[in-house]
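Beneath this line is the structure, given in structure tokens, with notes to follow.
The values are calculated or read from the model by the stated rules, or taken from the named source; none is laboratory data. Note that the structure is predicted; figures quoted are calculated from it, not measured. Glycine gets a Cβ as well: all are built from the backbone with ideal geometry, and neighbour counts include every protein chain shown.
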Amino acid sequence: MTDPLLALRPWDAPEVTSWGRLPMNAVDRRAGAHSLDGGWRFQLLSAPHAPVGGAWSTATVPGAWTMQDTDDLPRYLNVRMPFAEFPPRSPAEDNPTGVYEREIDVPAGWAGRRIVLQVGAAESVLLVHVDGRPVGVSKDSHLAAEFELTEFVRPGGRAVLRLTVVKWSDASHLEDQDHWWHGGITRSVLLYATDPLYLADVDVRAGRDGELRVDCRVRDTGGALPAGWYLDGELDGLALAQDTAFDRENAEDERVSAFLGEARLRTRVPEVRPWTAETPELYGLTVRLHRADGTVADTSRHRIGFRDVAVVGRDLLVNGERVYIRGVNRHDFHPLTGRTVTYDDLRADLVLLKRFGFNAIRTAHYPGDPALYDLADELGFYVVDEADIESHDHAHEIADDPRHLNAFVDRVSRMVLRDKNRPSVVIWSLGNESDYGANHDAAAGWVRRHDPSRPLQYEGAAKRGWADPEVASDIACPMYAPLEECVAHALSGKQTKPLIQCEYSHAMGNSNGTLADHWAAIEATPGLQGGFIWEFWDHGILQSVNDGRPVGRGGAGLYDNGVAAPGYRWAYGGDFGEKDHDGAFVADGVVFPDRTPKPVMYEHRELAAPLRLELFRHEGLVVSNHQHFRGLDWLRGTWELVLADGRTLTAAAELPALLPGETAVVPFPLALPPDGGEAWLTLRVTTAEDLAWAPRGTEVCTPQVLLRAGAQAPEAAVREPAATGPAVTRPVEADADGLLVHPLLTVAPTLSLWRAPTDNDELGGMAPRWRAWGLDSLVRKVVSVRREGPSVTVLAEYAGTTGVVRHRQVLTPVEGGVRIDEQAELPAEFDDVARVGTVFETVAGLDLLEWFGQGPWESYPDRSGGAPVGHHALPVDALFTPYLRPQESGGRHGVRHFTLSASDATGLAVALDEPRQVSVTRYRAEDLTAVAHHDELVPRAGCVVHLDAAHRGLGTASCGPDTFPSYLVAPGVHRWSWTLRVL
């Protein structure tokens, strides 16, 4: 007999969003539920209509089958669909279909109760059978589906539960998000029971004034509600009673139903503690449904927060205050499971974000696991809750297609129904990159009617203009809009909505340049209120190099500090044999696949610092509280006075008692020594006590001010570098081509204009242009080598495919070493190069870098705010940043001088004429350019050292604006000088 669910062909029916599925609600049934997670019998079929038969394997639920040793492997595409069929069709034959099966034992104590199955998420169409009988169908890969099993199972008995998951469907066209394609049951499966009389929904409205309103819906499986039922509740011991006025109004308006009960509880909380991301105050709410005899039929528990959200003019207000949105986009991801994450995984994500100054999350591009919102409520995050809608490849066709109307409204409304009681959710999002059409307006209309307490947004509405009052977006939320356009809009007088970019500062590879410039403009421009960095994760899947398969859950311990163990690597698009893919574009996060922070995280931490420091006319220091709702009492500080001569003086800091937005002038904490040269004062700020997201002593920020500049101007330093010692007559040793001969160098200093292209360089078009100029293969031609006493002057030309760079290098002996004065003249056609500077290589054994400059984190000219000036030391092997696709990395900005030493303290020292960009790694630029993964790199025994007179900014041009003109390396004459000594 034909299965009616298969006969329905729901995978090719966009009008069918579900069958037999229960309505979504905000009643949390996780407590007391029976988990069905674990091992299930499993078969992977070639298509939905393929027969089930043969041997069963075992699959772990929750988990994607693409990560569990099947032949259907992960696949990455950004925009294009992974199959050729146009919407609403899916592949007729090549459509992987997973059949999950297990026995369920129904407790005898559930006799007379309502029994419900909850499947947390299934990608992309779920078909449910019990003992071969069809139960229901659900679509939406990222929201739970519930089905009543009361008539299908017998309490005290056993039943066979089968969950069939069809991977490709009409729904796939709505789930074309920028991440890996998987298949399977990716969130937990539960079985629970309720009384026949039960709470069908609970709707909480809690304002910052302390007014609490709880609207409840009540149903009974028998149909008609029993007489005499009623509700009560409590909020942290404060009693709530049923609102009799509401009951009377319902009766007068004839809203009383025989099968649906509605009731309202009310109270007012005196001296309420409002919820914000800075002060996430939560209250425990319990709602009880009683039968007429007073016995409790059902109970619903919630953690709620009292807060208001509103858009007023061009400001987004939380509790009446304009707040900055320091956000990040976040996918569900784990390098061993693909899409499945645990509570501990989610907590680790949010704790890390909190420690680095983020206060907002956009659930790109679908609703998250319920535990994500539990943690956002508790730890304090503003959440943009986004519906599971992205029709990127066919966006225009689908936005107005009435066949998909049900799906748009269904996906948006179910998200709202589930998450409406979350204080962390401050904005509803209609989805992402799906053009803009009538289907969006329909979904928006439903949201505005059901939940007028929150604004909603939709990026695609920007096509109608940022100020259009008619579109379904209360917030102008473009992606990757150039900063100058944002500022111009805010200053135009035409702005009508808050401008908060839903995506900006794309974090692919060595990226996020100009982040500080963005925030300087945001904070200086009314109407600009922040945005969401793309994104949190590098989606590298741990892969065995030997067999090319995902390692899966057994891979714990095979990676550390962002690096996979030998024999393994982080896989990206194309690494699983797929021919059509989008490469490393999936590796675009602010953390590595193992959650190790990238250097940009330290940049963001300083930009989001709750406390700031400025000089006050050299008479004292201005301390500012840059929070919206909180004082500074949760912080402690230590002063550090960093002197160029190597000393660092410290003193305890007494932070002033400041309300949000207040400032105070404090005296200098340490006397500035008359000697010591350049001097910087740093306030190292830590947590004063244990917090939910940070133990006591966790570093929060390190604001820094310059107290005294270096004694020597750069121009003078070029002519006569500081501390070079008396002139000597011993001649500099150079070969016939004028190249320095030095016992600690294996490759002499030469000119460098090339860097291993970053992802931004490649995708932004700069690297192809540099290759066309021949900057990756410059040919050095000696023009002249002239000896003048002990010095050597070398004139050379570096020829590319087009253009010639004239280079002069003067080698002058100094006490203990040699001074190198250099000049490079770039032709006009070289109007944007990667760097201008010197490269050389050292002998093996120099394994420790100590430097005075910015650090300890990697930094670049347009991403240096997170690296304070100080005396730093790191092993050379720790300087390199392992971006998933090897590229330029490991640079340190603003270096004044450094040493490279062996274990016996011998080595070399370099002093620079002025703060310069320096990198020390084990790799030449061509080493990095030649490979696709780090497991292919072979480190050199010595060090490859770059000293740059000028280094191009990073920008975010892989997806978004390039760096600013002020960070480009221009043609013309560049001069720099440095001194090399033996330790």
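Taking PRO749 as meeting all but one of (1) within 21 Å of THR842 (Cβ to Cβ); (2) touching a Gly at 6+ places or on another chain (Cβ under 7 Å); (3) of a type outside the set (D, E, K, R), write down the number of the exception.
That leaves (2) as the condition not met.
Which of the residues belonging to the range 9-51 are free of Cβ contacts under 8 Å to residues at least 60 places away in the same chain and in a loop (DSSP other than H, G, I, E, B)?
ARG9, SER46, ALA47, HIS49, ALA50, PRO51 - these are the residues of the range 9-51 that are free of Cβ contacts under 8 Å to residues at least 60 places away in the same chain and in a loop (DSSP other than H, G, I, E, B).
Residue-wise test of (1) at pLDDT below 95; (2) crowded, with 21+ Cβ neighbours inside 10 Å; (3) more than 30 Å from GLU699 (Cβ to Cβ).
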site	(1), (2), (3)
ASP862	no, yes, no
ASP877	no, no, no
LEU928	no, yes, yes
ALA932	no, no, yes
GLU936	no, no, yes
ALA949	no, yes, yes
CYS959	no, yes, yes
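For the range 486-499, what are the residues that are outside any strand (DSSP E or B) and either more than 24 Å from the chain's Cα centre (by Cα) or hydrophobic (A, V, I, L, M, F, W, C) (or both)?
Result: CYS486, VAL487, ALA488, HIS489, ALA490, LEU491, SER492, GLY493, LYS494, GLN495, THR496, LYS497.
Which of the strands (runs of 3 or more DSSP E) contained wholly in the range 805-912 include at least 2 residues that are over 24 Å from PRO757 (Cβ atoms) and not acidic (Asp, Glu)?
Here the list reads 817-826, 848-854, 869-875, 891-901.
Of the residues GLU485, GLU503, which is out of contact with any Lys or Arg (no Cβ under 9 Å at 6 or more places or on another chain) and either within 28 Å of SER172 (Cβ to Cβ) or modelled with pLDDT of 95 or more (or both)?
Step by step, each of GLU485, GLU503 is checked, and only GLU485 is out of contact with any Lys or Arg (no Cβ under 9 Å at 6 or more places or on another chain) and either within 28 Å of SER172 (Cβ to Cβ) or modelled with pLDDT of 95 or more (or both).
Taking the conditions exactly as written (closer than 27 Å to GLY891 by Cβ, of a type in the set (A, V, I, L, M, F, W, C), surrounded by 17 or more Cβ atoms within 10 Å (Cβ to Cβ) and in contact with a Cys (Cβ under 9 Å, 6 or more places away or on another chain)), does MET479 satisfy them or not?
In short, no.
Tell me, which strands (runs of 3 or more DSSP E) lie completely within the range 68-183 with 3 or more residues that are of a type in the set (A, V, I, L, M, F, W, C), within 22 Å of GLY368 (Cβ to Cβ) and in contact (Cβ under 8 Å) with a residue 40 or more places away in the chain?
Result: 114-123.
Over 35 Å from the mean Cα position of the chain (by Cα), aliphatic (A, V, I, L, M) and either crowded, with 22+ Cβ neighbours inside 10 Å or at pLDDT below 95 (or both): which single residue out of LEU199, LEU163, LEU174 fits that description?
Exactly one of LEU199, LEU163, LEU174 is over 35 Å from the mean Cα position of the chain (by Cα), aliphatic (A, V, I, L, M) and either crowded, with 22+ Cβ neighbours inside 10 Å or at pLDDT below 95 (or both), namely LEU199.
Say whether the condition of being in contact (Cβ under 8 Å) with a residue 40 or more places away in the chain and more than 25 Å from GLY562 (Cβ to Cβ) is met by at least one residue in the range 877-891.
Scanning the range 877-891 turns up no residue that is in contact (Cβ under 8 Å) with a residue 40 or more places away in the chain and more than 25 Å from GLY562 (Cβ to Cβ).
With over 30 Å from ALA608 (Cα atoms), among the charged types (D, E, K, R), not in a loop (DSSP other than H, G, I, E, B) and not assigned by TED's automatic domain parsing to the domain that holds LYS420 as the only criterion, which of GLU254, GLU249 stands out?
After applying the criteria, what remains is GLU249.
Out of all the residues in the range 575-616, which are assigned to a helix (DSSP H, G or I), surrounded by fewer than 23 Cβ atoms within 10 Å (Cβ to Cβ) and of a type in the set (Gly, Ala, Ser)?
GLY583 - this is the single residue of the range 575-616 that is assigned to a helix (DSSP H, G or I), surrounded by fewer than 23 Cβ atoms within 10 Å (Cβ to Cβ) and of a type in the set (Gly, Ala, Ser).
Can you work out which of the residues in the range 558-572 that are closer than 30 Å to LYS354 by Cα and more than 18 Å from the chain's Cα centre (by Cα) is surrounded by the fewest Cβ atoms within 10 Å (Cβ to Cβ)?
Step by step, filter the range 558-572, then rank; the result is ASP560.
Within the range 91-123, which residues are within 32 Å of the chain's Cα centre (by Cα), over 20 Å from SER57 (Cα atoms) and either modelled with pLDDT under 95 or aliphatic (A, V, I, L, M) (or both)?
Passing the criteria: VAL119, ALA121.
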